[in-house]
Amino acid sequence: MSLDGKVSIVTGGAGGLGLEIAKELARNGSVVIITSRKRPKLEIGCNMIGKNCYGFELDVSKPKSVAQFFKHISKDFDTIDILVNNAGFPFERDIWFKKVHDITDKQLLNILQVDLIGSFRISKEILKIMMKKSKGVIINIASTPAISGHSYGSPYTIAKAGLIGLTKHIALEYGQYNIRSYSIALGDVDTQAMRKSLSKSELQKARNENTLKRLGRPEEIAKSIASIAGENFTFSTGNTLIIDGGKLVI
Ligand SMILES: NC(=O)c1ccc[n+]([C@@H]2O[C@H](COP(=O)([O-])OP(=O)(O)OC[C@H]3O[C@@H](n4cnc5c(N)ncnc54)[C@H](OP(=O)(O)O)[C@@H]3O)[C@@H](O)[C@H]2O)c1
């Protein structure tokens, strides 16, 4: 698969799964723009990706930061072919284990601001660029609770379910511009954030919950995403792809 000549943006692409996705897109020939809220992470990330990487500061929860980001990238890039909305609010045990009746408005809004509204903000601007070129792919990183629900983490589920709605709208409203859109409903993936968030026994439970009896590897998730972004998937749009080791079999 070749992504030669393509320009991709991966939000939150300076670490974790986002960095693996950015590496894979670059390995397949794409120029990649990675974003982080923390400037030093951008240089480290780009050094790991190699040539054809550009790093920009971005906080998707802040409209001013989003405006600055687009002002900066418009100087160097007149086209964006692939957007991966990967940025996600950091896992906080305190929020995760609260039941719906204990979640505060602020906790809900903080998560929506990043995972859902942040992705909406970026997609909105990118769509204007993609429409001019009549091509593009937008991939939203959702999660299996968006489909199945979960007994914890309601703000996360709500935000990720909203992303699936956003994906469908982009597909239906912009298919006529040759813009495709997908949600990825991820299962448990072995990232640093995941290891930091869960205890050993919780990680073991997560492994046992899917049919392959292991966590996903960030590199294999990245390969699936690069494949969807490329030319192998061109007669499909609006879908939610479940990549979870066979936990949800629908
Ligand atoms: N790992 C899993 O098992 C799993 C399962 C399902 C879904 N997911 C989803 O996959 C994505 C990546 O997860 P991960 O495991 O790699 O966790 P992670 O390391 O915490 O990645 C989240 C990324 O989002 C960025 N971010 C956070 N707040 C932001 C903001 N306000 N503006 C812009 N960027 C922001 C962070 O970048 P900076 O700190 O550099 O700004 C970070 O790189 C997330 O959307 C997550 O919900 C992960």
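For segment 208-250, give me each residue that is exposed (fewer than 13 other Cβ atoms within 10 Å of the Cβ), more than 19 Å from residue 191 (Cα to Cα) and modelled with pLDDT of 95 or more.
Selection gives 211, 234, 235, 236, 249.
Give the residues of segment 83-109 that are within 12 Å of the ligand (Cβ to nearest atom) and touching a residue at least 24 places away in the same chain (Cβ under 8 Å), sorted by residue number. If you could, list the steps in order and put the result at the bottom.
Initial filter on segment 83-109 (within 12 Å of the ligand (Cβ to nearest atom)): 84-92, 96.
Once the filter is applied, which keeps residues that are within 12 Å of the ligand (Cβ to nearest atom) and touching a residue at least 24 places away in the same chain (Cβ under 8 Å), segment 83-109 yields 84, 85, 86, 87, 88, 89, 90, 91, 96.
Step by step: first the residues of segment 27-41, then only those that are within 10 Å of the ligand (Cβ to nearest atom) and either within 17 Å of the chain's Cα centre (by Cα) or touching a residue at least 60 places away in the same chain (Cβ under 8 Å) (or both), then the one that is nearest to residue 224 (Cα to Cα). Which residue is that? Don't jump to the end; show me each part of the working.
Residues of segment 27-41 that are within 10 Å of the ligand (Cβ to nearest atom), as a first pass: 34-41.
Checking which are either within 17 Å of the chain's Cα centre (by Cα) or touching a residue at least 60 places away in the same chain (Cβ under 8 Å) (or both) leaves us with 34-37.
Values: 34: 19, 35: 21, 36: 23, 37: 26 Å.
For segment 27-41, the residue satisfying everything is 34.
Of the residues that make up segment 135-146, is at least one surrounded by 14 or more Cβ atoms within 10 Å (Cβ to Cβ), among the aliphatic types (A, V, I, L, M) and more than 14 Å from the ligand (Cβ to nearest atom)? Step through it out loud before you land on a result.
Restricting attention to segment 135-146, the residues satisfying the condition of being surrounded by 14 or more Cβ atoms within 10 Å (Cβ to Cβ) are 135-146.
Then keep just the ones that are among the aliphatic types (A, V, I, L, M); that gives 137-139, 141-142, 146.
Within this subset, residues satisfying the condition of being more than 14 Å from the ligand (Cβ to nearest atom) are 137-138.
Yes, segment 135-146 contains at least one residue that is surrounded by 14 or more Cβ atoms within 10 Å (Cβ to Cβ), among the aliphatic types (A, V, I, L, M) and more than 14 Å from the ligand (Cβ to nearest atom).
Could you list, in sequence order, all residues of segment 50-73 that are more than 26 Å from residue 29 (Cβ to Cβ) and near the ligand (Cβ under 10 Å from one of its atoms)? Spell out the reasoning first.
Our first condition is that a residue be more than 26 Å from residue 29 (Cβ to Cβ); within segment 50-73, this holds for 59-68, 71.
Scanning segment 50-73 gives 59, 60, 61, 62, 65, 66.
From 45, 12, which residue is surrounded by 23 or more Cβ atoms within 10 Å (Cβ to Cβ), more than 16 Å from the chain's Cα centre (by Cα), closer than 21 Å to residue 191 by Cβ and within 10 Å of the ligand (Cβ to nearest atom)?
Details: 12 fails: more than 16 Å from the chain's Cα centre (by Cα).
Of the residues listed, the single one that is surrounded by 23 or more Cβ atoms within 10 Å (Cβ to Cβ), more than 16 Å from the chain's Cα centre (by Cα), closer than 21 Å to residue 191 by Cβ and within 10 Å of the ligand (Cβ to nearest atom) is 45.
The values are calculated or read from the model by the stated rules, or taken from the named source; none is laboratory data. Because the structure is a prediction, the values reported are computed rather than measured. Methodologically, a virtual Cβ is constructed for each residue, glycine included, from the backbone with ideal geometry; neighbour enumeration extends over all protein chains shown.
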